[in-house]
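Here's the structure, in structure tokens; my notes come after.
Just so it is clear, none of the values below were taken in a lab; they were calculated from the coordinates. Note that the structure is a prediction, hence the values are computed from the model and not measured. Because the Cβ atoms are built from the backbone with ideal geometry, glycine has one as well, and the counts that use them run over all protein chains shown.
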Amino acid sequence: MIRSIVIALSIAATVSAQSTLNRGNRYEPASLDPHKIQTHYESAIILDLFEGLTAYDPACRPVAGIAESWSTSPDGRRWTFQLRPNLMWSDGAPLTADDVVFTFRRLLDPKTAAQYAALMYVIKGAAEINTGKTSPQALSVSAPDSRTVTIDLVDPAPYLPELLANAFAGVLPRHAVTDDDWVTPGRMVSNGAFTLSSWSPQDRIVLTRNPKFHDFANVKLDRVIYFPTADLTSALARFRAGELDTQFEFPSAQTEALKASLPAETRIYPSLLTYYLAVNGENRKFADVRVRRALSLAIDRETLVGRVLRSGEVAAYGFVAQGTAGYQPLDHADAGLAPDARLAEARRLLTEAGYNSGNPLKVVYSHSANEDIRRTAVAISAMWKRVGVVTELLNREGKVHFAALKSGDFEVGFVGWTADFNDAATFLYVLRSSSVSSNYSRYRDAEFDRLMAMADAEPDAVRRIEFLRQAEARAIADQAVIPLYFGVTKNLVSSRVTGFVPNPTDFYPSRYLGRRSP
């Protein structure tokens, strides 16, 4: 009898260990509303809670989501999505095409102030709605019946299924979104593989498996717990102790040691990710392009990636990340300059702009609280000092930093931008005049906008890429942003975790993951 009890307890412990996954996720989310998010670590949680018309597979390629199939018109401008039968929200209410229409209208309503609304300008009426020129009801997203959704586009967009798989395109419950508190535990209604069980700020977010999810039978985990892990050194210690099963990012200074001590658990992979400095164009001191150019020239990117970061990052002189589908990176003259020549040119430009030892350029450099980001900031401030720039470093908690970027409460700010879909447009759209919430630099250039519009309307893939390349070249010549380096995905993944597939977008939906017993 005693032996039977011991065996039963052992089995129960094993089941519990297998069904809970502890994920280190960098920062505390500012929101769990899909339309309010603006960071990668928020999107990671949203992808577990909500699903859109399309979804991601384990390698983050677009697959069927709540739509089981879709078709396009011969001209590529009308898309028709057929929803799965008998879809339900987590509270048991039916999920219908009307929820989809509601979602897109809310996303584009200027009162929502959605960070990623401009990405949906490909839909007819979206730009006019988001800029307040017409009402959300004018959007060309309709529901002919409860299981059919039609979307009419301004121009063909073959990347639409990948775009709609993003976290910000998750479908929302029309009957539950009544005020800003709808995303709190006990009130949130969702349709993803998991539901929100509890949220203890600065401690953890607990998700539980959603029995109403259409693919519930194939979800291996009962619970997923997300921990904010802004202190990467502490997160590494927690991972080594077995407290975390996965950790999103780790200190670059530890890369070689981790490869030696935890070779199977250390996962580094090429990424569609550009790190850059946004320069606030509404600040008078940066209105002169010579100042922006000088700041860029003074940064030794090769030293930054080779001696400061050392995890496989690549020096960036352009904005579109290496490896972007169909895109040939531009040749940048600055990349060929010797370090001394760059510094000399930077000093000359600052002198022409009216700055000297008696009147130095003073810059406030804002960044989030992360060891690698802090080390990068210190290195860049030292590089700027060589050309006479005086830098004040402003270290802010993650959600505070990104809120400041969005509101314009900064001078120069560190940003990482990951592709929302594998196309150059996902990077360059950030610099369009219409991209109010994501255009942190406040870049406004009619010719850049014209080239992007021509790319949107161009059906020929080769000519479209050429328009995008011209747009990027113009933005870099204007120094709309200061590219720093192309990133890599850096994850720690326990050998207990199953189903983890490295991918360049660095998302790993928990519905595909599992956890073996120790």
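At-a-glance table
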quantity	calculated
Structure-derived Rg and Dmax of the Cα atoms in Å - corresponding label in (1) 37.9, 144; (2) 24.1, 80; (3) 23.7, 89	(3)
Cross-link pairs beyond the 25 Å C-alpha cut-off, checked among Lys36/Lys285; Lys362/Lys406; Lys212/Lys399; Lys220/Lys259; Lys399/Lys490	Lys36/Lys285; Lys212/Lys399; Lys220/Lys259
Stretch gain in nm, segment Asn86-Ala287, where the contour uses 0.36 nm per residue and the Cα spacing is subtracted	66.8 nm
Theoretical FRET efficiency, 1/(1+(r/R0)^6), r = Cβ-Cβ of Thr134 and Arg516, R0 56 Å, to 0.05	0.55
Label point distance in nm, Asp75-Val378, each placed 7 Å from Cα along Cα→Cβ	5.9
Computed E for Val390/Ser146 - FRET, C-beta separation, R0 51 angstrom, nearest 0.05	0.25
3J(HN,Hα) from dihedral phi, the range 54-59, Karplus parametrisation 6.51/-1.76/1.60, rounded to Hz, x for glycine, proline	10, 9, 9, 8, x, 9
FRET E, pair Thr112, His332, Förster distance 51 Å, beta-carbon r, rounded to 0.05	0.85
Relative contact order of the range 270-489, pairs being alpha-carbon contacts under 8 Å that are 6 or more residues apart, as %	38
